[in-house]
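J.: Below is a structure I'd like to ask you about.
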Amino acid sequence: MPRPDGRAANALRPTVLERGANPYAEGSCLVRMGGTLVHCTASVETGVPRFKKGKGEGWVTAEYSMLPRATSERTDRERNGPGGRTYEIQRLIGRSLRASMRTFAFGEYTIKIDCDVLVADGGTRCASITGACVALHDACAWLAERTAQPTAFGRLVAAVSVGKVAGEHVLDLAYLEDRDAEVDANVVMLEPSDFVEVQGTGENGTFDRGELDRLLDLAQVGVNQLFALQRTAIGG
């Protein structure tokens, strides 16, 4: 069955990583994956959470939000704090980015990542992780220059969705595919091939071990392409 946008089953949506999109942040990246557009910034702040104080170590944390008209209908801003879905997503982003760090021994600074979804067409958490990694890389470089220490950044981290739609295993689901998927999963990986997190769900069906393996192999194909785009963006 052809995909809505005509892509092959193992093809990513057109993806662009615009490094340095925000002139004020210590690190930033505007990421576009098909119709999804996310603005990611990394801000270096003095101080750390209470549980890190006095240890001489820093911290990396993340916040995620969706603008009111990021979708086909306006949604209210979360003025009283993040809702359940938002909270879960920003915790995933934070965990993923912390996994990419080589060390936290860079002094008592917090690198705060903000991922703001401007347009949502599926895969917003995956796009956020992929773009935020570029922003984090640059914030770590900024901090290293000012503290005369090696960068604390370690390895690239990227994420992509995979799923089973109309019986076919496909990569990087757009909204219409995600809506109708029998199975979908978000896969977060560290370069070159370590898993950080796999979130897989049988939405309208189930999947066996063989299908899970095929989906993970498909995710690796997509993540490898995202790693290449990240490397090009950071000039490495």
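Read-outs: derived from the displayed coordinates by stated rules, not from any lab. Note that the structure is predicted; figures quoted are calculated from it, not measured. Quick reminder, even Gly has a Cβ in these numbers, built from the backbone with ideal geometry, and neighbours come from all protein chains shown.
J.: Restricting to the chain, what percent of DSSP beta bridges are antiparallel, rounded to 5?
T.: Bridges in the chain that DSSP calls antiparallel: roughly 85 percent.
J.: Along the Cα→Cβ direction, 7 angstrom out, place labels at residue 91 and residue 110. What is the inter-label distance in nm?
T.: With each label point 7 Å from Cα toward Cβ, the separation is 1.7 nm.
J.: Now for a separate question. Please compute the modelled spin-label separation between residue 209 and residue 79, points set 7 Å along Cα→Cβ, answer in nm with one decimal.
T.: For residue 79 paired with residue 209, the spin-label model returns 5.3 nm.
J.: Cα centroid distance between the stretch 12-35 and the stretch 188-210, in Å?
T.: A separation of 25 Å, based on Cα centres.
J.: If you stretched the chain out fully between residue 147 and residue 51, how much longer would it get, using 0.36 nm times the residue separation minus the C-alpha to C-alpha distance?
T.: Result: 32.3 nm gained on full extension.
J.: Cut-off is 10 Å between beta-carbons; in what order do 5, 76, 178, 138 appear when sorted fewest neighbours first?
T.: Ascending Cβ contact count within 10 Å gives the list 76, 5, 178, 138.
J.: Around residue 230, under 15 Å between beta carbons, what's the net of Lys plus Arg minus Asp minus Glu among the other residues?
T.: Around residue 230, the surrounding residues sum to +1.
J.: Translational D (Stokes-Einstein, µm²/s) of the chain at 37 °C and 0.692 mPa s when Rh comes from the Kirkwood sum over C-alpha pairs?
T.: It comes out at roughly 181 µm²/s.
J.: Grab the DSSP H runs of the chain that are 4 residues or longer, score each as -39,500 (n - 2.57), total them, divide by all residues and round the 222 nm result to the nearest 500 deg cm²/dmol.
T.: -10500 deg cm²/dmol
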